Amino acid sequence: MPEPPVMSRLEVLRDPAVMQTRALAWRRAGRRIGLVPTMGYLHPGHISLVRLAREQADVVVVSIFVNPTQFGPREDFATYPRDFARDLELLGAEGAITVFAPEAAAVYAPDASVQVCEERLASCLCGATRPGHFRGVLTVCAKLFHLALPDVAAFGRKDAQQLRLIEQMVRDLNFPLAILPGPIVREPDGLAMSSRNVRLPAAHRAQATCLHRALRTIEQAAARGERRTAALEALLRATIATAPDARLEYAELRDWHTLAPAPAQWHAPTLAALAVHFGDVRLIDNTLLTAS
Ligand code: AMP
């Protein structure tokens, strides 16, 4: 028998109950399940997570769900880029995959009243300006974990605070799965890949490399022995300020485990994190400083 065409090895499930039944059957058959949660409009950063999950699983589930509960009322839920047909085409090249793409109404009961709240790690960085964002993220990930029953779930370091929070939830609530962190995948000029990059007009797209440049600058300073947190944060701010249309939201060094502000003399591992707005597009990027 010839191999079936690659596209036919994609299976699309819409119904959460069907997803869970399928996952239970895989589990009973002893198959290891790998989950990659996404909001779609896929790019090579997402695909790298699919490959990471594939290394440790027999079955790969990619969820595509623009989760309304993690967007604030003035955020870009309506304009978040979507192209399901293109997503399927990209995933088709990755071999057998189950795509779980539910409707919001099937995910959330109209009278749902239980959510996952974390109030320490979630209150700083992105959480400071996006109240409720991480409650939405943690709640939907908890639900995805219950529906797809993964042995491993892959998350990108691009969303460092999210990764840290998911790790904390998995530990604190005893989810029986391992989190696989994936490295940040970048455009050739250094801009971290993001579904939102497509919304940058050309002038802003050119300036958006300032995030990556700022992070490289402090990595180099740290490698030369700069131990002062304030000096590295000042370098971050100064590099972002070279982009005329950039509006800085935060440029901070934080302890990777507690996400508390780094002490006056930082020590590894320290997260250096940036959020920068260009017009109505908000970009984030980060690096983990490990050499102290
Ligand atoms: P999103 O679709 O933006 O919610 O992202 C889904 C997953 O892909 C998250 O775990 C992100 O951290 C990850 N991701 C997004 N962009 C990148 C990137 N440039 N490199 C690596 N992982 C990424």
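No lab work stands behind these numbers, since they all come straight from the coordinates. No experiment lies behind these values; they were computed from the predicted model shown. Every residue, glycine as well, gets a Cβ built from its backbone with ideal geometry; the counts of neighbours run over all protein chains shown.
Net charge within 12 Å of Asp15 by Cβ-Cβ distance, Lys/Arg positive one each and Asp/Glu negative one each, not counting Asp15 itself?
That works out to +1.
By count of other Cβ within 10 Å, fewest leading, how are Asp159, Asp280 ordered? If you can, show how the numbers build up before the last one.
Working: Asp159 18, Asp280 11.
By the 10 Å Cβ count, ascending, the order reads Asp280, Asp159.
I need the calculated FRET efficiency for the pair Glu187 and Ala85, taking r as the beta carbon distance and R₀ as 35 Å, to the nearest 0.05.
The computed FRET efficiency comes out at 0.90.
Modelled label-to-label distance, Gln220 and Arg74, 7 Å Cα→beta-carbon offset: nm?
3.7
Determine the shape class of region 132-270: with a ≥ b ≥ c the square roots of the Cα gyration tensor eigenvalues, call it rounded for a/c under 1.5, and otherwise prolate if a/b is greater than b/c, oblate otherwise.
Oblate shape, in that a/c is at least 1.5 and b/c is the bigger or equal ratio.
So what is the 222 nm mean residue ellipticity for the chain from helices alone, if each DSSP H run of at least 4 adds -39500 (n - 2.57) and you divide by all residues, rounding to the nearest 500 deg cm²/dmol?
Calculated from helices alone, the mean residue ellipticity at 222 nm is -10500 deg cm²/dmol.
Treating only the Cβ of Lys, Arg, Asp and Glu as charged (+1, +1, -1, -1), what charge dipole size does the chain show about its Cα centre? Round to the nearest 20 debye.
Values: 33 positive and 30 negative charges, 69 e Å.
Dipole magnitude for the chain comes out near 320 debye.
Could you rank the peptides 116-129, 69-82 by their average count of other C-beta atoms within 10 Å per residue, with the highest value first?
With the highest mean Cβ count within 10 Å placed first, the list reads 116-129, 69-82.
Quick one: compute the contact order of the chain, relative version, from alpha carbon pairs under 8 angstrom and 6+ residues apart, as a percent.
In percent, rounded to a whole number, it is 17.
Along the charge dipole of region 195-289, which of Pro269, Thr229, Pro244 sits closest to the positive end, that is, farthest toward it, with unit charges on the beta carbon of Lys, Arg, Asp and Glu (+1, +1, -1, -1)?
Of the listed residues, the answer is Pro244.
Would you tally the net charge around Thr98, using a Cβ to Cβ cut-off of less than 11 Å, leaving Thr98 out, and scoring K and R as +1, D and E as -1?
Once all neighbours under 11 Å are counted, the net charge is +1.
So, with +1 on the Cβ of K and R and -1 on the Cβ of D and E, and no other charges, what is the size of the charge dipole of region 210-292 about its Cα centre, to the nearest 20 debye?
So the magnitude is around 220 debye.
Listing Glu11, Glu219 from the residue with the fewest other Cβ atoms within 10 Å to the one with the most, what is the order? Kindly include the intermediate steps, with their values, before the conclusion.
Values: Glu11 12, Glu219 17.
Ordered by Cβ neighbours within 10 Å, fewest first: Glu11, Glu219.
Report, to one decimal in Å, the Kirkwood hydrodynamic radius for the chain based on all distinct Cα pairs.
Working: mean 1/r = 0.0498 Å⁻¹.
Computed over the chain, the radius equals 20.1 Å.
Roughly how big is region 1-112's charge dipole about its Cα centre, with Cβ charges of +1 (Lys, Arg) and -1 (Asp, Glu), in debye to the nearest 20?
380
Rounded if a/c is under 1.5, else prolate if a/b beats b/c, else oblate: with a ≥ b ≥ c from the C-alpha gyration tensor eigenvalues square-rooted, which is region 11-182?
Since a/c stays below 1.5, the shape of region 11-182 is classed as rounded.
Over region 11-182, what is the mean sequence separation of C-alpha contacts under 8 Å (at least six apart), divided by residue count, expressed as relative contact order in percent? Display every interim value, and only then the final one.
On the way: 266 pairs, mean separation 53.6, N = 172.
Rounded, it is 31 percent for region 11-182.
Nearest-5 percent of antiparallel DSSP beta bridges in the chain?
Among the beta bridges of the chain, antiparallel pairing accounts for roughly 50 percent.
At what distance in nm do the modelled label points of Arg32 and His146 sit from each other, each positioned 7 Å from its Cα along Cα→Cβ?
2.6
If contacts are Cα pairs under 8 angstrom and at least 6 residues apart, what is the relative contact order of region 195-289 in percent?
Computed value for region 195-289: 29 percent relative contact order.
Sort Glu55, Glu252 by Cβ crowding within 10 Å, fewest neighbours at the top.
Glu55, Glu252
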